[in-house]
Amino acid sequence: MNLYLRYFDSETLVQSVDEAIDFLKGIEEIGMNPVLEADIREYAASDVFYPKRYKVRPRVYFIIIKTEAATMTDFKEKRALRSGSEVQSKERSAAPVMLKLNEEREGWYEGTVDFKRVLLVPGTGKFQYRDTRFVAQVKAMSGIDCYNRIIGHLRQRVDERSQFPSAKGKNFKFVYLGKAK
């Protein structure tokens, strides 16, 4: 794992934490100290792959990015993206969910919706959002039809400020129960 560091126009791609710290010591404004050095070593050793930025002074930062790129050119041209296979596997797993959602299969469905419901707090007279789970068995043509029927039912019975999830998100699930008789 290599590290890309940038502070304004100064940038480098290094292969070890020691090289990264030497680079940062060469920039006087950063003011390298043992606490910062320990934090950089901890970041480099962790499983975290998001970029990390460190504050130098108000609105001025330097960044460190973990990368698989062997050269600066590879990094700049994004040839060594760490999550290439992960992105493909996520796309593959997302496709069946969309296909199942739109697959026409008439019958009974059990749909579960987790949504934010607006409720009145009796003591104060104010309103607040509460996480609410609603489960219903409906006769529908597809998963999306099940979703639309459940949301249509809820919209008539809860406060209009309630927030409903997308059918494609993790807060809506459905199971096909069988043919309608």
Any chance you could give the angle, 0 to 90 degrees and rounded to 10, that helix 84-102 forms with the longest Cα principal axis of the chain? 10
With no solvent and one equal point scatterer per Cα, compute the Debye intensity ratio I(q)/I(0) for the chain at 0.20 Å⁻¹ and report its log10, rounded to two decimals. -1.23
Output the 0 to 90 degree angle, nearest 10, between the alpha-carbon long axis of helix 34-45 and the longest principal axis computed from the alpha carbons of the chain. 50
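What is the sum of charges, Lys and Arg at +1 and Asp and Glu at -1, for the other residues whose Cβ falls under 9 Å from the Cβ of Ser162? Present the calculation step by step, with values, prior to reporting the outcome.
Values: positive: Lys116, Arg117, Arg155, Arg161; negative: Asp159, Glu160.
Net charge in that neighbourhood comes out at +2.
Just want to confirm a number: the relative contact order over the chain, from Cα pairs under 8 angstrom separated by 6+ residues, in percent.
Working: 253 pairs, mean separation 33.2, N = 181.
Across the chain, relative contact order equals 18 percent.
Run the helix sum for the chain: -39,500 (n - 2.57) per DSSP H stretch of 4+ residues, divided by residue count, reported at 222 nm to the nearest 500 deg cm²/dmol.
Working: 5 runs with 60 residues, N = 181.
After summing the helix terms and dividing by the residues of the chain, the value is -10500 deg cm²/dmol.
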Burial order of peptide ranges 150-159, 51-60 (average beta-carbon count within 10 Å, highest first): 150-159, 51-60
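Each value in this text was obtained by applying a stated rule to the coordinates, not by laboratory testing. Computed from a predicted model, the values in this text were never measured in an experiment. Because the Cβ atoms are built from the backbone with ideal geometry, glycine has one as well, and the counts that use them run over all protein chains shown.
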